[in-house]
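The values are calculated or read from the model by the stated rules, or taken from the named source; none is laboratory data. All figures in this text were calculated on a predicted structure; none of them were measured in a lab. Counting neighbours? That spans all protein chains shown, and the Cβs are built from the backbone with ideal geometry, glycine included. Side chains included, ligands, DNA and RNA excluded: accessible areas come from the protein's heavy atoms. Shrake-Rupley method; radii C 1.70, N 1.55, O 1.52, S 1.80 Å.
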Amino acid sequence: MGMQINTNIMALNARNSLAATNLKMGKALEKLSSGLRINRAADDAAGLAVSEKLRAQIKGLSQASRNAQDGISMIQTAEGALNETHAMLQRMRELGVQASNDTLSGDDRGAINTELQQLKGEINNISTSTKFNGKSLLTGALTTTLDAASTANVGTYLGATANATVSAVDVSNAQAGTTFALTSTGSTVTMTRASDNVAQTITVSAVGANATGTLDFSQLGIKLSVQSGVGGSAAADIATALAAKNVVTAAGAGSANFQIGAFASDSMMVSFTRVDTTTMSGLDAALASFNSVQTVTAAQALITAVDEGIKTVNSSRATLGAYQNRLEHTINSLGAAVENLSASESRIRDTDVAEETSKMVTAQILTQAGTSVLSQANQAPQGALSLLKG
């Protein structure tokens, strides 16, 4: 190799190697100081995309867990109020049994009636005053309703072949604000929820003359009742007539729709039914009868009516308890998902401190060596001066 002054190839090589080493050391220091392996898209474009999607899901699941906890609080508020309603119904029954005994005088039963009417007033007061964050829980305001856009409404005629009419549509346990499409094959009907394509298929039974049949899509929370005409309705005809129809739901005045997942379709509809003396079969009438005529017969009728009321409250409390148990399991599941997804995201995004420390030490040594070599390379052209001195 010749000896040149203008172009110092050795120095250029040393400088380039030193620059590359400094870049590596800079990246290692950045990763160690930030704790992140990916600080910009250039570090790992594909890894960044996956990491950001995981982060979005993790944050959504964490919020969903808090939503579920708030849902439990809401349910506990309603259930606590129903506990008092239960206690008052038990007292009403006790008073009814007492009033049925002929050892009492008319004045005695009058005193019992006074307490009964006060208990009735308080049961109805609890129904209207039980609220969570301003939402009434026991007035039926949170129940999902049937939207006017639905093509399977009460009164919908299913045609002469089916010889039937839709007599009732119960959507109280369905997801609000979505469409449920109906299709059929033979005597089976499939209902599909548009929000997440969850479907349920049931077999339709024939309905006798002037009778009513129920199509219970329990997994989706919808029940359709069909009233046949004279001559009855064949199962396949009913199924065919329902095909291409849909059920569209809407939220009541303040929907109890709990978002319990990271994605739009991960929701749970909780129905808080109306619970007062008017919804307890015959209780209002029995109390009015006893208030008017305080006799043994009226008292015995009251006992029967209160028993029906207790059944109504039992059903509501059992339903709320089931929802609460489900939400508690949901919270546990969400916690496990957050933990596992966070671990996955960490493996993609976070720095391996041991590995980066090793790289940094290697880069530091190479930097020191490169600096020394560059210094020596810069001295090489001075050898040409020895030739010029002669």
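Given the criterion in contact with a Lys or Arg (Cβ under 8 Å, 6 or more places away or on another chain), at pLDDT 90 or above and either among the aliphatic types (A, V, I, L, M) or surrounded by fewer than 17 Cβ atoms within 10 Å (Cβ to Cβ) (or both), identify the matching residue among Val296, Val306, Val338.
Val306
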Residues of segment 229-247 satisfying the condition of being open to solvent by 30 Å² or more (accessible area, probe 1.4 Å) and assigned to a strand (DSSP E or B): Asn246
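If we scan segment 67-81, do we find a residue that is more than 23 Å from Glu308 (Cβ to Cβ), among the hydroxyl-bearing types (Ser, Thr, Tyr), surrounded by fewer than 17 Cβ atoms within 10 Å (Cβ to Cβ) and at pLDDT 90 or above?
There is at least one residue in segment 67-81 that is more than 23 Å from Glu308 (Cβ to Cβ), among the hydroxyl-bearing types (Ser, Thr, Tyr), surrounded by fewer than 17 Cβ atoms within 10 Å (Cβ to Cβ) and at pLDDT 90 or above.
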Residue that is over 19 Å from Met268 (Cα atoms) and surrounded by 14 or more Cβ atoms within 10 Å (Cβ to Cβ), where the choices are Val198, Val171, Val166: Val166
Which listed residue is open to solvent by 30 Å² or more (accessible area, probe 1.4 Å) and either on the phi > 0 side of the Ramachandran plot or touching a Ser or Thr at 6+ places or on another chain (Cβ under 7 Å) (or both), from Thr151, Thr114, Thr179, Thr203: Thr203
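Residue-by-condition table, conditions (1) outside any helix (DSSP H, G or I); (2) buried (at least 18 other Cβ atoms within 10 Å of the Cβ); (3) at pLDDT below 95:
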site	(1), (2), (3)
Val50	no, no, yes
Lys53	no, no, yes
Ala56	no, no, yes
Leu61	no, yes, yes
Ser65	no, yes, yes
Arg91	no, no, no
